[in-house]
Amino acid sequence: GEQVEQRPPHLSVREGDSAVITCTYTDPNSYYFFWYKQEPGASLQLLMKVFSSTEINEGQGFTVLLNKKDKRLSLNLTAAHPGDSAAYFCAVRISNTGYQNFYFGKGTSLTVIP
Amino acid sequence: GGIITQTPKFLIGQEGQKLTLKCQQNFNHDTMYWYRQDSGKGLRLIYYSITENDLQKGDLSEGYDASREKKSSFSLTVTSAQKNEMAVFLCASSRTGVGNTLYFGEGSRLIVV
């Protein structure tokens, strides 16, 4: 089955610096990709949903890059601020499965130091 | 928009006790899920349900029962609570279809004493 590996598990950056979180996956039929943000004590909130047809996706203050050849998905926070401190999870869904499951990475705990 | 409400936020029980977590959603979503979140292990699927009265086992179903009483509610029972099961349990829902987004509740923390 699908294997999703997320790196790094912990990341600490200074305010204004960039932060990069990467997920690699194994199933070539992976088609839908998601990034979630979880603030302490709160639920997972969707940051962005990416389809395999689009390689670069820009959000507010971040960019999601999808490299299908290398089976790699990355979340790039361009100028981190303390409000970005949270746990981030990637998730992958496979296009040809009837099993209604998301495959999650183990998460990255990001700390932005003021 | 909609919301997923999980109750209780904290569930404290004794070892061996049967404990139940409840989840309600007003998105009118067909599919509902229960995940367990352990620190450093990500999210693992316990049960999911694609419609009322349907139940499907996930990777972590042993030791748990679930019930989809109606479209808007999905409950999870820990059949015999153990201290190594202390974790956050997340309820989620989505529309049917592979590309649809998963929406989460705020979680219920299980504490076993």
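Just so it is clear, none of the values below were taken in a lab; they were calculated from the coordinates. Everything numeric in this text was worked out from a predicted model, so none of it was measured. Note that each Cβ is placed from the backbone with ideal geometry, even for glycine, and that neighbours are counted across all protein chains shown.
What are the aspartates and glutamates whose alpha-carbon lies under 14 Å from the alpha-carbon of B:LYS83, with same-chain residues fewer than 8 places away excluded? Cα-Cα hits under 14 Å: B:GLU15, B:ASP38.
Considering only alpha-carbon pairs that sit under 8 angstrom and 6 or more positions apart, the relative contact order computed for region A:28-114 is 31 percent. Based on C-alpha pairs under 8 angstrom that are at least 6 apart in sequence, chain B has a relative contact order of 35 percent.
What you get for region A:1-105, charging only the Cβ of Lys and Arg (+1) and of Asp and Glu (-1), is a dipole of about 220 debye around the Cα centre.
For B:GLN6, what is the net charge nearby, where nearby means another residue's Cβ is under 11 Å from its Cβ and Lys, Arg count +1, Asp, Glu -1? Around B:GLN6, the surrounding residues sum to +2. The magnitude of the dipole of the protein assembly as shown, with charges of +1 and -1 set on the Cβ of Lys/Arg and Asp/Glu and taken from the Cα centre, is near 120 debye.
The GNM of chain A, with springs linking C-alpha atoms under 10 angstrom apart, assigns the highest mean-square fluctuation among A:SER30, A:SER85, A:SER52 to A:SER52. Which of B:ALA81, A:LEU77, A:GLY61 sits farthest toward the positive end of the charge dipole of the protein assembly as shown, with +1 on the Cβ of Lys and Arg and -1 on the Cβ of Asp and Glu? Result: B:ALA81, furthest along the dipole toward the positive end.
For the pair region A:9-83 / region B:1-44, the C-alpha centres are spaced 25 Å from each other.
Only aspartates and glutamates eight or more places from A:LYS69 in sequence, or on another chain, were considered; those with a Cα closer than 13 Å are A:ASP27, A:GLU55.
Summing Lys and Arg as +1 and Asp and Glu as -1 over all other residues whose Cβ lies under 13 Å from the Cβ of A:ASN29 gives a net charge of +1.
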